[in-house]
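J.: If you scroll down you'll find the structure; I have some questions about it.
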Amino acid sequence: MKQAEQKQLFESGNEMAAYAAKQINYHVMGYYPITPSTQIAEYLDRMGADGEHSIALIPAEGEHSAAGICYGASAGGGRVINATSANGLLYALEQLPVQSGTRMPMVLNIACRTVSGPLSIKGDHSDLMYTLNTGWVILFAASAQEVYDCNLCALRIAETLRLPVIVAFDGFFTSHQKRNCRVFADDRVVQTFVGPARDRIGLLDPAHPITVGSYMNEPDIINNKYQLHLAMEEARRVIPSVFDEYKTLSGRSLSAVRSHRAEDAEILLFVLGSAYYTAVAAVDRLRKAGKKVGVFTLGVLRPFPGEEIARLCGGANTVLVADRQDSYGAGGGNLSLEIRAALQSGGLTTRVLSRVYGLGGKDFYEQDALDLFALCEDAAAPAFDYFGAEAGEQGYFPKPFFAPISEAEASPGLTVCEEENGKLTVRGGTFRETTAMPKRLAPGHGACPGCGIPVNVNLLLRGIEGNVVLLFQTGCGMVVTTAYPKTAFRIPYIHNLFQNGAATLAGLAKVYRQRQARGELPEGKLTFIMVSGDGGMDIGMGSALATALRGDPLILFEYDNGGYMNTGYQLSYSTPKGAKSATSHLGADSVGKSFFHKDMPQIMAATGMPYVATAAESDPTDFIRKAAKAQYYAHKSGTAYIKCLSACPLNWGDRPNTERKVIAAAVDSCFFPLYEVEEGITTLSYDPESRGKKIPVLDWLTMMGRTKHLRAPEYAQIVEEIQQEIDRRFARLKARAAHPFL
């Protein structure tokens, strides 16, 4: 085999992962957006729209489902890729042992990121370490070039061993930083290297039916795990063989253990990932000063190259293992513990120091590496500690930026719900009247100009009398209001991740009532409100539906901005059909989002919950009065749900000063009809048809840059389909409103 022709690109690690996938031309990618791995799906979608590959990209509603999509596709004999990060990886974690235990090969890219909580989107290795015991081969790429190289080798390794393979790299440090990289000029070279998809037993041959994932007892389960162990041991032979073949083809070396100036080093530093190159610079500087120091890193974490590490460290007096994560209470991060064990197994008595560094994306500079080497010269240095961290002031409690709102202040009686003749009516609640309601969400948030989130949250809260506790699921609304140590909230607030917000708030509401019943809290009423958006009713829908079915006493409020905006606008299930986004590009083979938007209010109404409503900032009085009704039902008979359409000028492609008109047009086109379902009975709040104000949906769509292209003649069929679906949904809604029992 001779070295193949290559060309130079200036790309990031995410782009190189996508480019490798494009050249391989996988069958399927199941994915869900999460920073910082999202770009991989975005780049593949863009290339797919231009006809550069034929990979089927399937947008899941969460990482758990994305992992399931990949497992199913792999069980059908397909070549499969995925990408994720941080809590997205943890959400999918249950599926990883399923994939390896049934020996289904695939490739998973992990742009490593801090695991929440508290929430941080910056890079460290705390997510990756959860995968060490899942039975996956784990490669680690320290540069954008290695991301490309490892992705090409990973599929060969996966299909040879019949094991899934992770390609991990540093979030932001590697995933986003652009570098000069070399790629094969001809995709066919890559496809020849990985070879044709291997024939393996699969589920798509009815003539030879098989059962995958049987229920097992002992001794079968231990035998299954033993076979998995044997496959991982076989990887110790397969991985170097694939790396050697790849070196011949590309001229670039990959290895399980890589080092710099380690051959005669008395002090060795270990760092994983992109920090290795920073440490190399520090080693060269110290070598010029006569210090015998060196550095090493790993390109393979599973199977763990313990023997190679022991051989490398055999001549050193001190090894300092720097971990970008902590195995809390174990005296070091995971790699500290494993390297200690490797040296002990190799019969070495080398002094090993462990330091946790760089969490949450904290930068690692050359001076930091020099300071770590200096620590190794201190005989009294503790075996384990954090590097670059402070314990903080004992007993410190941050001072509030705003005075808290008293119950009396929050109960001006501006909006009052009363039952008259078996029907709930709202007195007051006009936009002008409720200006006296104190703002629970104070000025000073960091939302973009024209963002609908603070507008809609404040409109909702104008109709809520009394004390309030807020929960925000992850999303733009959460990120722009609570950057530590500041907060824009004058009331109690808690955050949890997309998939668990409603359940978390249900637990909080339940313990409130429990503690009141036991005399631990005073009598009174708190209104519990979950605020969700940015796709939060995709990944969080299951939790919200369960809360509604149980009838937990709280309000679910969804600001629908029509996409996953907090990760840079990828399509969500509420994005309009035909809209362009970072994962629904326009091109010869793509016409934007391919399926209709989700009708979440009708889904929630199907649970039988007492109150469901839609609201819009274009009719603020209607919005406020519906909020008051939601509070009434949440206290009286169970869960209430309100959804509003929330503007996002940055990603919708319109102007901040026109957003109220854009929202009003969505209502007048019936894309976002205003109505309520109260105790199962549907009532239209506004009928643009009867008022002669109904407009074609295209008039609304072309007000926004994300859908302005639909005006072109080539999209006429899609526009017709959208209009027919909008008309169908509104006709059904009017029929319900006309029926006495619906």
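The values are calculated or read from the model by the stated rules, or taken from the named source; none is laboratory data. Only a predicted model underlies this, so the values are computations on that prediction, with no experimental measurement involved. Cβ coordinates were reconstructed from backbone atoms using ideal geometry, including for glycine residues, and neighbour counts include every protein chain displayed.
J.: Mind checking which residues of region 157-172 are over 17 Å from A18 (Cα atoms) and not acidic (D, E)? I'd like the intermediate steps shown before the answer.
T.: Taking region 157-172 as the starting set, the residues that turn out to be over 17 Å from A18 (Cα atoms) are 157-164.
Result: I157, A158, T160, L161, R162, L163, P164.
J.: If you scan region 550-586, which residues turn out to be within 30 Å of I464 (Cα to Cα), in a loop (DSSP other than H, G, I, E, B) and touching a helix residue (DSSP H, G or I) at 6+ places or on another chain (Cβ under 9 Å)?
T.: Taking region 550-586 and keeping what is within 30 Å of I464 (Cα to Cα), we get 550-566, 572-575.
Now drop any that are not in a loop (DSSP other than H, G, I, E, B), which leaves 551-554, 561-563, 572-575.
Selection gives D552, P553, L554, N561, G562, G563, S572, Y573, S574.
J.: Given the options F671, F741, name the one that is at pLDDT 95 or above and on the phi < 0 side of the Ramachandran plot. Break it down stepwise before answering.
T.: On the way: F741 fails: at pLDDT 95 or above.
That would be F671, the only listed residue that is at pLDDT 95 or above and on the phi < 0 side of the Ramachandran plot.
J.: Right, another one. If you scan region 491-526, which residues turn out to be in contact with a Gly (Cβ under 6 Å, 6 or more places away or on another chain) and polar (S, T, N, Q)?
T.: Correct list: Q499 only.
J.: Name the single residue, out of those in region 244-273 being of a type in the set (G, A, S) and under 21 Å from V137 (Cβ atoms), that is nearest to the chain's Cα centre (by Cα).
T.: Taking region 244-273 first, the residues of a type in the set (G, A, S) are 250-251, 253, 255-256, 259, 262, 265, 273.
So of that shortlist, the ones also under 21 Å from V137 (Cβ atoms) come out as 250, 253, 255-256, 273.
Numbers: S250: 34, S253: 33, S255: 30, A256: 29, G273: 22 Å.
Top of the filtered list is G273.
J.: One residue is enough: does region 170-177 have a residue meeting the conditions in the same structural domain as A41 (by TED's automatic domain parsing), of a type in the set (D, E, K, R) and without any contact (Cβ under 8 Å) to a residue 60 or more places away in the chain?
T.: Within region 170-177, the subset in the same structural domain as A41 (by TED's automatic domain parsing) is 170-177.
Then drop every residue that is not of a type in the set (D, E, K, R), which leaves 170.
Filter once more, keeping what is without any contact (Cβ under 8 Å) to a residue 60 or more places away in the chain: none.
Looking for residues that are in the same structural domain as A41 (by TED's automatic domain parsing), of a type in the set (D, E, K, R) and without any contact (Cβ under 8 Å) to a residue 60 or more places away in the chain, one finds none in region 170-177, hence no.
J.: Taking region 502-525 on its own, how many of its residues are of a type in the set (D, E, K, R) and touching a Pro at 6+ places or on another chain (Cβ under 7 Å)? Give the derivation first.
T.: Taking region 502-525 first, the residues of a type in the set (D, E, K, R) are 510, 513, 515, 518, 520, 523, 525.
Okay, now just the ones that are also touching a Pro at 6+ places or on another chain (Cβ under 7 Å), so none.
Counting residues in region 502-525 that are of a type in the set (D, E, K, R) and touching a Pro at 6+ places or on another chain (Cβ under 7 Å) gives 0.
J.: Determine, yes or no, whether R162 is at pLDDT 95 or above, surrounded by 15 or more Cβ atoms within 10 Å (Cβ to Cβ), among the charged types (D, E, K, R) and over 24 Å from G51 (Cα atoms). Spell out how you get there, then give the answer.
T.: Details: at pLDDT 95 or above: yes; surrounded by 15 or more Cβ atoms within 10 Å (Cβ to Cβ): yes; among the charged types (D, E, K, R): yes; over 24 Å from G51 (Cα atoms): yes.
It is true that R162 is at pLDDT 95 or above, surrounded by 15 or more Cβ atoms within 10 Å (Cβ to Cβ), among the charged types (D, E, K, R) and over 24 Å from G51 (Cα atoms).
J.: Moving to a separate point now. Would you pick out the residues in region 648-666 that are in contact with a Leu (Cβ under 6 Å, 6 or more places away or on another chain) and either hydroxyl-bearing (S, T, Y) or closer than 12 Å to V455 by Cβ (or both)?
T.: If the condition is that a residue be in contact with a Leu (Cβ under 6 Å, 6 or more places away or on another chain) and either hydroxyl-bearing (S, T, Y) or closer than 12 Å to V455 by Cβ (or both), then I663 is the only one that fits.
Here is a yes/no grid of residues against (1) in the same structural domain as V479 (by TED's automatic domain parsing); (2) over 30 Å from D363 (Cβ atoms); (3) out of contact with any Pro (no Cβ under 8 Å at 6 or more places or on another chain):
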{"residue": "P398", "(1), (2), (3)": "no, no, no"}
{"residue": "A403", "(1), (2), (3)": "no, yes, yes"}
{"residue": "S406", "(1), (2), (3)": "no, yes, yes"}
{"residue": "L424", "(1), (2), (3)": "yes, yes, yes"}
{"residue": "R432", "(1), (2), (3)": "yes, yes, yes"}
{"residue": "L441", "(1), (2), (3)": "yes, yes, no"}
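J.: Still on this structure, I have one more. Take the conditions hydroxyl-bearing (S, T, Y), more than 23 Å from V167 (Cα to Cα) and either outside any helix (DSSP H, G or I) or out of contact with any helix residue (DSSP H, G or I) (no Cβ under 9 Å at 6 or more places or on another chain) (or both) and apply them to Y277. Does it pass? So that I can check it myself, show each step before the final result.
T.: On the way: hydroxyl-bearing (S, T, Y): yes; more than 23 Å from V167 (Cα to Cα): no; either outside any helix (DSSP H, G or I) or out of contact with any helix residue (DSSP H, G or I) (no Cβ under 9 Å at 6 or more places or on another chain) (or both): yes.
So Y277 does not fit the description; no.
J.: Here is a further query. I'd like the residue in region 245-301 that is basic (K, R) and under 30 Å from V189 (Cα atoms) and, out of all such residues, is surrounded by the most Cβ atoms within 10 Å (Cβ to Cβ). Working first, answer last.
T.: In the first step, residues of region 245-301 are kept if they are basic (K, R); the result is 247, 252, 258, 261, 285, 287-288, 291-292.
Subsequent filtering for residues that are under 30 Å from V189 (Cα atoms) retains 247, 252, 258.
On the way: K247: 15, R252: 15, R258: 17.
The extreme case among them is R258.
J.: Show the residue pairs meeting these rules: Cβ distance below 9 Å; 6+ apart or different chains; first residue within region 438-463 and at positive phi; second residue surrounded by 24 or more Cβ atoms within 10 Å (Cβ to Cβ) and not in a helix (DSSP H, G or I).
T.: Pairs that qualify, where the first residue is at positive phi and the partner is surrounded by 24 or more Cβ atoms within 10 Å (Cβ to Cβ) and not in a helix (DSSP H, G or I), are G444/T481; G450/A647; G450/C648.
J.: What residue, of N133, N109, N151, is free of Cβ contacts under 8 Å to residues at least 40 places away in the same chain and either over 29 Å from N500 (Cα atoms) or in the same structural domain as I34 (by TED's automatic domain parsing) (or both)?
T.: Step by step, each of N133, N109, N151 is checked, and only N133 is free of Cβ contacts under 8 Å to residues at least 40 places away in the same chain and either over 29 Å from N500 (Cα atoms) or in the same structural domain as I34 (by TED's automatic domain parsing) (or both).
J.: Can D589 be described as over 24 Å from D50 (Cα atoms), in contact (Cβ under 8 Å) with a residue 12 or more places away in the chain and not aliphatic (A, V, I, L, M)? Walk me through it before giving the result.
T.: On the way: over 24 Å from D50 (Cα atoms): no; in contact (Cβ under 8 Å) with a residue 12 or more places away in the chain: yes; not aliphatic (A, V, I, L, M): yes.
Taking the combined requirement at face value, the residue does not satisfy it.
J.: What residue, among those in region 222-244 that are closer than 30 Å to D187 by Cα and among the acidic types (D, E), is surrounded by the most Cβ atoms within 10 Å (Cβ to Cβ)?
T.: That would be E234.
J.: Take the conditions over 16 Å from L674 (Cβ atoms), among the small types (G, A, S) and in a loop (DSSP other than H, G, I, E, B) and apply them to S618. Does it pass?
T.: It is false that S618 is over 16 Å from L674 (Cβ atoms), among the small types (G, A, S) and in a loop (DSSP other than H, G, I, E, B).
J.: Do you know which of the residues in region 405-416 that are exposed (fewer than 12 other Cβ atoms within 10 Å of the Cβ) and farther than 11 Å from A436 by Cα is nearest to the chain's Cα centre (by Cα)? Steps first, please.
T.: So in region 405-416, the residues exposed (fewer than 12 other Cβ atoms within 10 Å of the Cβ) come out as 406, 408, 413.
From the residues that got through so far, the ones that are farther than 11 Å from A436 by Cα too are 406, 408.
Working: S406: 37, A408: 40 Å.
Per the stated criteria, the residue is S406.
J.: If you don't mind, there's one more thing I want to ask. Could you check D45 against (1) under 19 Å from G592 (Cβ atoms); (2) not small (G, A, S); (3) not in a helix (DSSP H, G or I) and say which number it fails?
T.: (3)
J.: Could you grab me the full set of residues in region 1-42 that are part of a loop (DSSP other than H, G, I, E, B) and either under 30 Å from L119 (Cα atoms) or basic (K, R) (or both)?
T.: First, pick out the residues of region 1-42 that are part of a loop (DSSP other than H, G, I, E, B): 1-5, 12, 25-27, 32-37.
Answer for region 1-42, where residues must be part of a loop (DSSP other than H, G, I, E, B) and either under 30 Å from L119 (Cα atoms) or basic (K, R) (or both): K2, S12, Y32, P33, I34, T35, P36, S37.
J.: Read through the list (1) at pLDDT 95 or above; (2) out of contact with any Asp or Glu (no Cβ under 6 Å at 6 or more places or on another chain); (3) within 23 Å of G608 (Cα to Cα); (4) assigned to a helix (DSSP H, G or I), then give the number of the only condition that N500 fails.
T.: In the conditions (1) at pLDDT 95 or above; (2) out of contact with any Asp or Glu (no Cβ under 6 Å at 6 or more places or on another chain); (3) within 23 Å of G608 (Cα to Cα); (4) assigned to a helix (DSSP H, G or I), N500 misses (1) alone.
J.: Here is a further query. Being in contact (Cβ under 8 Å) with a residue 60 or more places away in the chain and farther than 18 Å from S126 by Cα narrows it down to one residue among L301, L286, L268, L272; which is it? Step through it out loud before you land on a result.
T.: Numbers: L301 fails: farther than 18 Å from S126 by Cα; L268 fails: in contact (Cβ under 8 Å) with a residue 60 or more places away in the chain; L272 fails: farther than 18 Å from S126 by Cα.
Matching residue, one of L301, L286, L268, L272: L286.
J.: Taking region 329-371 only, how many residues are of a type in the set (S, T, Y), in a loop (DSSP other than H, G, I, E, B) and within 15 Å of F384 (Cβ to Cβ)? Outline the logic, then answer.
T.: So the first thing to find is which residues in region 329-371 are of a type in the set (S, T, Y), and the list is 336, 345, 349-350, 354, 357, 365.
Next, from what is left, pick out any that are in a loop (DSSP other than H, G, I, E, B): 349-350, 357, 365.
With within 15 Å of F384 (Cβ to Cβ) added as a condition, the list becomes 357.
The total comes to 1.
J.: So which pairs qualify, if the first residue must be in region 216-228 and touching a residue at least 60 places away in the same chain (Cβ under 8 Å), the second must be assigned to a helix (DSSP H, G or I) and of a type in the set (G, A, S), the Cβ gap must be under 7 Å, and the two must be at least 6 apart or on different chains?
T.: So the pair list comes out as N224/G101; L228/S100; L228/G101.
J.: I'd like to check something: does region 608-627 contain any residue that is crowded, with 24+ Cβ neighbours inside 10 Å, polar (S, T, N, Q) and touching a residue at least 12 places away in the same chain (Cβ under 8 Å)?
T.: Yes, the conditions are met somewhere in region 608-627.
J.: OK, next. Please pick out the residue among L508, L460, L521 that is in a loop (DSSP other than H, G, I, E, B) and not β-branched (V, I, T). Lay out the reasoning, then the answer.
T.: Details: L508 fails: in a loop (DSSP other than H, G, I, E, B); L460 fails: in a loop (DSSP other than H, G, I, E, B).
It is L521.
J.: Just to be sure I understand, how many residues within region 526-549 are assigned to a loop (DSSP other than H, G, I, E, B) and in contact with a Cys (Cβ under 9 Å, 6 or more places away or on another chain)? Can you show your working first?
T.: Going through region 526-549, the residues assigned to a loop (DSSP other than H, G, I, E, B) turn out to be 534-535, 540.
Restricting the remaining residues to those that are in contact with a Cys (Cβ under 9 Å, 6 or more places away or on another chain) gives 534.
Qualifying residue count, region 526-549: 1.
J.: To continue, here is another question. Being more than 34 Å from the chain's Cα centre (by Cα), closer than 29 Å to S590 by Cα and acidic (D, E) narrows it down to one residue among E721, E714, E679, E689; which is it? If you could, list the steps in order and put the result at the bottom.
T.: Details: E721 fails: more than 34 Å from the chain's Cα centre (by Cα); E679 fails: closer than 29 Å to S590 by Cα; E689 fails: closer than 29 Å to S590 by Cα.
Only one candidate qualifies: E714.
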